[in-house]
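Q: Here's a structure for you.
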Amino acid sequence: MSLSILQISSYGTLIIFIIGIIIRWKKWSSMPIHLRWELYPVPHEAGRFHYGGSYLEDIDWWNYERKTTLIGELKELFAEMLFIKRVYKYKRQLWWITYPFHTGIYLILIWFALLFLNSVIVYYGNVAISSNILWNQFIYYAVLIVGSIGIIITTLGTIGLLIKRYSDPSMRKYTTGIEYFNLLFILVTLITGIIAWYYDPDFSIAKTYMISLISFGNYSLPQLGNVIVVHIILLQLLWIYIPFSKMSHFIGKYFTYHKVLWDDTPNLRKSDIETKVKELVTLKLPWNAPHIKKNKTWLENVKGDYE
Amino acid sequence: MISKNKKYDIKIEDISKPITQMINLSLKDLMPLPPPYDKPDMEPECTEPKTEWREKYITELDGYIAIDIPWKPKTKEEEKILIEKFLNGLRNLLSQEGNWTFLQPLLLSLDYCAKCQTCSEACPIYISSGKKEIYRPTYRAEVLRRIYKRYLTPSGKILGKFVSGEIKLNANTIIRLAELSYRCTLCRRCTQTCPIGIDNGLITHELRKLFSSEMGIAPKPLHELGSVQQLKIGSSTGMSPEAFKDIIRFIEDELIPEKYGKRIKIPIDEKGADILLIHNAGEFLSWPENPAAFAILFEEAGISWTLSSDLVGYDAVNYGVWYDDVQLARVAIKHAEIARKLDVKKIVIGECGHAHKALTVIADRVLHDELNIPRESCLPILWDIVRRRKVNLDPNKNNFPVTLHDPCNIVRLMGIVQPQRNVLKEICPYFREMEPNGVYNYCCGGGSGFAIMQSMNFPEWRSKIASRMKFKQILLAFQKEILSNKPKYVCAPCSNCKGTFRDMLNYYKATERYNIHYGGLADLIVNAMVDLKKPFIEF
């Protein structure tokens, strides 16, 4: 068993990526509970989402069990994730660019998943890579179609986004250097990917590389050309960079929607929320305005004599 | 003035430049209004601020003044102190201790905006102004984001403008940013369109908090004459408990007998009632018919209720919800303490949008233990009265065109959409919706405190820019009958919206010219009561 530096760094990339995502997730999930700030329509409101209604439309709402629908929430979630509904509805010209970009990324992720699945089946299922069985036929076409479409539309989308961001004055003046850098980073990685694809038109090297990763070096690594090596290195750097950049907005988006805009959970007596609130009001205020008693707790500041 | 050069495209960093005024509003640039306001001379031109205002107040943004306290730094030393205070405030805003109340939503919105500008077209102020860059929902958010990145993050400190973008923190930036935080009504329509869920309305809210909680800077009508006065005297209107009781006597002795034909005893401080009803105290002074209508309906429906004459207990307003969490919590706690003292089963909020949101939703995670008293809107109760025929109604008494304004706080921010519509469909044969409506409505232009901010030239900006989209909606809703003499009624179940409509209709002379009126929902229900000898609503 022998592992190349590239393979070792591939494992390292995955570990750093996962740790990075966990750190990001922890950062947001460990923040204190905030005041309610929901915005309607809220999709888990059963039977009311279509007009934006809420349980607050009922008299004595606290006496009844809230009717919520997970399916409603998931429908809205997927409409936004898979179709970027709001951009489609409110800024169609941008949607024609951002939709292929994001869909292309999903396809590339599916492509990775197919490579991974294939490696597990081939290596652990002892399937000969050259045999003509149905799985090999399926994976051949699936990887080819998904990978080809994925890389092409993501590349076109990235170029489109760069052009749009630079040519549209309302976007250009708001865009900072790092935001161009992010798009250029993706573009360079994709371009090296396209060149690598030229040398590996049916992704057989990619498949073998993944099997060698899965086998921890027991499966021999194919001969990799310089372009492929450069591409893999860039891809690794990109994966490492994602959790620490704005590209991790897929995590942020979960919190903005589920934990802010759709968080309409009422604070009922003796609930977890009430317990958390009781802890938070003991924090000491650092503000300096004359109407606030600095270094006194929230509770001391809002109850009784605060004149 | 940058805007005099028509080709000049305002950039984020221009906020720090030493120029007299960033933009200059002109009637010809504004969003056109529909007929009959499409003709010349139907509205006055935008005015310039007076010279003496320029010296004392902040006119460096657009020439209009929202913050009516003098706080402009005069020397370099004062500028330095201002910058230090601002940065300290920003640190507090980003701390758990200072801002657990909104820390997570704020940081999410600062970190993840893609600057795609999908939200711009949703903003009535940006569109009404003729798309002035400084009013774009992302403009003030981006200024704050750049300051935060540049001055408070390690990456910004090391990599500078590559990470933060171009920005300079000086007195101009701070004073303009403060004014700019009062050019958004916090309607949050922009947030509805954001694919990532970024909330530019929230960023505006947080900016206001920074200025208030750290530097004591807020418009007088919100702070000094608003929440401070309410906590001290009992009401932001300046109404004392005695004055409140006098008004109630007037409603009992004169207003109700005259309108209703019989006397009603309005319960005050009745312990053990089911409901503590809290109105916006502005109703008692400006529209006493509305609390009178509630008294009539609750009496007819046999509801057990009371008003409170306790300090703060007769005024539902809670201006803190727009600019300062501590003030918000102080007023909310007073409301809850009074309800506890009266031993009522629940608090019901009258027709006041921000009071609805403040006490029912926002303060929900402030009130705990015995102060966590059930609170709800009056609108489902009004619908229940109509639906169950607890009063005898004849819809033909409302034989005039009616449209409904959806107060942002009650509808978009609380999801109370149908009860008020159900009432109108039942009692107003000539009811028609505005477009768009419901949770996608446009703000009246008076949201976030603008309705009560009457200093210097701010009312002109409010009527001309902030209310322009709503005025357009009203004209379109009544377009078919606009030239007829028939009275037209904009139903606005919110005190601040009503105040805004009063000023808007007056500014555009729409009542005088086209007989357009405004009023509450309870008033319309009472107007339809069979037993009333003469109309409750008089045009």
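The values are calculated or read from the model by the stated rules, or taken from the named source; none is laboratory data. Nothing here was measured: the structure is a model prediction, and the numbers come from that model. Neighbour counts are summed over all protein chains in view; Cβ atoms, including those assigned to glycine, are modelled from backbone coordinates with ideal geometry. Side chains included, ligands, DNA and RNA excluded: accessible areas come from the protein's heavy atoms. Shrake-Rupley method; radii C 1.70, N 1.55, O 1.52, S 1.80 Å.
Q: Extent of region B:1-131 along each principal axis, from alpha carbon coordinates, in Å, largest to smallest?
A: Taking the Cα atoms of region B:1-131, the three principal extents are 55, 38, 27 Å.
Q: Nearest 10 degrees, 0 to 90: what angle lies between the long axis of helix B:241-250 and the longest principal axis of chain B (Cα atoms)?
A: 40 degrees
Q: Another question, if that's okay. To the nearest 500 deg cm²/dmol, what mean residue ellipticity at 222 nm is calculated for chain A from DSSP H runs of n ≥ 4 alone, each contributing -39,500 (n - 2.57), summed and divided by the residues? Show your work: numbers first, answer last.
A: Values: 12 runs with 181 residues, N = 307.
Helix-only estimate at 222 nm: -19500 deg cm²/dmol.
Q: Also, I was wondering about something else. In whole Hz, what ³J(HN,Hα) sequence does region B:60-72 give by Karplus (6.51, -1.76, 1.60; θ = phi - 60°), x for Gly and Pro?
A: So the Karplus estimates, Gly and Pro as x, are 6, 8, 9, x, 9, 10, 9, 8, 8, 10, x, 8, 6 Hz.
Q: While we're here: Express the relative contact order of chain A as a whole percentage, based on alpha carbon pairs under 8 Å and six or more residues apart in sequence. If you can, show how the numbers build up before the last one.
A: Details: 268 pairs, mean separation 74.7, N = 307.
Relative contact order, chain A: 24 percent.
Q: Let me ask something else. Nearest 5 percent is fine: what portion of the DSSP beta bridges confined to the protein assembly as shown is antiparallel?
A: 15 percent
Q: Could I ask something else about it? Using only the alpha-carbon atoms, what does the protein assembly as shown span along each of its principal axes? Please give whole angstrom values in decreasing order.
A: Cα extents, longest axis first: 98, 61, 58 Å.
Q: Can you classify region B:77-222 as rounded, prolate or oblate using the Cα gyration tensor, where a ≥ b ≥ c are the square roots of its eigenvalues, rounded means a/c under 1.5, and otherwise it's prolate if a/b beats b/c and oblate if not?
A: It is rounded, given that a/c, with a ≥ b ≥ c, falls under 1.5.
Q: Give me the percent relative contact order of chain B, please, defined on Cα pairs under 8 angstrom at least 6 residues apart.
A: In percent, rounded to a whole number, it is 14.
Q: Taking Rh as the Kirkwood radius computed over C-alpha pairs, what is the Stokes-Einstein D of region A:1-79 at 37 °C in a medium of viscosity 0.692 mPa s, expressed in µm² per second? Mind showing how you got there, number by number?
A: Details: Rh = 16.7 Å.
D = 196 µm²/s.
Q: Show me you know the interface measure: the accessible area buried between A and B, both chains summed, probe 1.4 Å, in Å² to the nearest 100.
A: Using a 1.4 Å probe on protein heavy atoms, the buried area is about 8200 Å².
Q: Return the aspartates and glutamates within reach of A:LYS293: Cα separation strictly under 18 angstrom, same-chain partners fewer than 8 residues apart disregarded; answer none if there are no such residues.
A: In chain and number order, the partners are A:ASP305, A:GLU307, B:GLU97, B:GLU214, B:GLU224, B:ASP324, B:ASP325.
Q: Something else: Considering only protein heavy atoms, what per residue accessible area in square angstrom results for region B:264-422 with a 1.4 angstrom probe?
A: Per-residue accessible area for region B:264-422 comes out at 23 Å².
Q: Largest first, what is the accessible-area ranking of B:THR511, A:THR103, A:THR13, A:THR282 with a 1.4 Å probe?
A: So the residues, ranked largest to smallest area, are A:THR282, B:THR511, A:THR103, A:THR13.
Q: Where in chain A are the DSSP H helices whose alpha-carbon span along the long axis reaches 18 Å or more and whose Kyte-Doolittle mean is at least 0.5?
A: A:5-29, A:70-83, A:92-119, A:134-167, A:177-199, A:226-241
Q: Starting from the amide H of B:LEU393, placed 1.01 Å from N in the peptide plane, find each other amide H under 5 Å away whose residue is 5 or more places distant or on another chain.
A: Hits under the 5 Å cutoff: B:VAL530.
Q: From the backbone phi of region A:125-133, what are the Karplus-calculated ³J(HN,Hα) couplings (6.51 cos²θ - 1.76 cosθ + 1.60, θ = phi - 60°) in whole Hz, Gly and Pro given as x?
A: Each residue's phi maps through the Karplus curve to give x, 6, 9, 5, 5, 8, 5, 9, 6 Hz.
Q: What does the charge add up to near B:MET31, with Lys and Arg as +1, Asp and Glu as -1, over the other residues with Cβ less than 13 Å from its Cβ?
A: That works out to +3.
Q: Here's a follow-up. Any of B:LYS50/B:LYS509; B:LYS72/B:LYS157; B:LYS39/B:LYS509 with alpha carbons more than 18 Å apart? Name them for me.
A: B:LYS50/B:LYS509; B:LYS72/B:LYS157
Q: Something else: Where does chain B land at 222 nm, in deg cm²/dmol rounded to the nearest 500, when only DSSP H runs of n ≥ 4 count, each adding -39500 (n - 2.57), divided by all residues? Mind dumping the intermediate values first?
A: Numbers: 26 runs with 216 residues, N = 539.
Calculated from helices alone, the mean residue ellipticity at 222 nm is -11000 deg cm²/dmol.
Q: Take the Cα gyration tensor of region A:43-132, multiply each eigenvalue by 5, square-root it, and list the three semi-axes largest first, rounded to whole angstrom.
A: Semi-axis lengths for region A:43-132 are 43, 22, 7 Å.
Q: Let me ask something else about it. Quick one: Karplus J couplings for region B:29-45, per residue in order, coefficients 6.51, -1.76, 1.60, θ = phi - 60°, nearest Hz, x for Gly and Pro?
A: With coefficients 6.51, -1.76 and 1.60, one gets 7, 6, 4, x, 9, x, x, x, 8, 8, 8, x, 6, 7, 8, x, 6 Hz.
Q: Hey, what's the Kirkwood Rh for region B:335-450 if you take every pair of different alpha carbons, in angstrom?
A: Across region B:335-450, the inverse of the average 1/r is 15.8 Å.
Q: Which number do you get for Rg(Cα) / (2.2 N^0.38 Å) in chain B?
A: 0.98
Q: In straight Cα distance, which aspartates and glutamates are under 12 Å from B:LYS425, not counting same-chain residues fewer than 8 positions off?
A: Hits, sequence-local ones excluded: B:GLU433.
Q: Here is a follow-up. Heavy atoms only, probe 1.4 Å: what % of the accessible area of the protein assembly as shown goes to carbon and sulfur, would you let me know?
A: Roughly 60 percent of what the probe reaches on the protein assembly as shown is carbon or sulfur.
Q: Still on this structure: Which residues, if any, in region B:318-360 have at least 30 Å² less accessible area in the whole protein complex than in the isolated chain, probe 1.4 Å?
A: For region B:318-360, once contacts with the other chains are taken into account, B:VAL326, B:ARG330, B:ILE333, B:LYS346 lose 30 Å² or more.
Q: Please figure out what share of the DSSP beta bridges in chain B is antiparallel and state it in percent, rounded to the nearest 5.
A: 5 percent
Q: Given H placed 1.01 Å from N in the peptide plane, which residues other than close sequence neighbours of B:ILE268 have an amide H under 5 Å from its amide H?
A: Sorted by chain and number, the residues that satisfy this are B:LEU307.
Q: Whole Å is fine, so just give me how far the alpha carbon centre of region A:122-141 lies from that of region A:27-91.
A: Taking the Cα centre of each part, region A:122-141 and region A:27-91 sit 45 Å apart.
Q: A further question follows. Where the centroid of each part is defined by its Cα atoms, how far is region B:408-429 from region B:176-230 in Å?
A: Using only Cα atoms to place each centre, the spacing works out to 26 Å.
Q: Please list, in chain and number order, the residues 5+ apart from B:ALA281 or on another chain whose amide H is under 5 Å from its amide H, with Hs placed from the backbone.
A: Answer set, sorted by chain and number: B:ALA316, B:VAL317.
Q: Between region B:3-53 and region A:192-209, what's the alpha-carbon centroid distance in Å?
A: The two parts, judged by their Cα centres, are 58 Å apart.
Q: Enter the angle in degrees (range 0 to 90, nearest 10) between the Cα long axis of helix B:495-507 and the first principal axis of the Cα atoms of chain B, meaning the one along which they spread out most.
A: Compared with the principal axis, the helix lies near 80 degrees.
Q: Return the equivalent ellipsoid semi-axes of chain A as a descending list in whole Å, where each equals the square root of 5 times an eigenvalue of the C-alpha gyration tensor.
A: Equivalent-ellipsoid dimensions as semi-axes: 46, 23, 23 Å.
Q: What accessible area per residue, rounded to a whole number of Å², is obtained for chain A using a probe radius of 1.4 Å?
A: 51 Å²
Q: May I ask which of B:LYS115/B:LYS357; A:LYS27/B:LYS85; B:LYS464/B:LYS486; A:LYS303/B:LYS245; A:LYS26/A:LYS246 have a Cα-Cα span longer than 20 Å here? Display every interim value, and only then the final one.
A: Numbers: B:LYS115/B:LYS357 29 Å; A:LYS27/B:LYS85 27 Å; B:LYS464/B:LYS486 26 Å; A:LYS303/B:LYS245 26 Å; A:LYS26/A:LYS246 16 Å.
As for pairs spanning more than 20 Å Cα to Cα, those are B:LYS115/B:LYS357; A:LYS27/B:LYS85; B:LYS464/B:LYS486; A:LYS303/B:LYS245.
Q: Could you state the angle between the C-alpha long axis of helix B:289-301 and the longest principal axis of the C-alpha atoms of chain B, as a value from 0 to 90 degrees rounded to the nearest 10?
A: The two axes meet at around 50 degrees.
Q: Pop out a list of residues from region A:280-298 that are at least 40 Å² less accessible with all the protein chains around than in their chain alone; 1.4 Å probe, no ligands or nucleic acids counted.
A: So the qualifying set is A:LEU283, A:PRO286, A:TRP287, A:ASN288, A:HIS291, A:TRP298.
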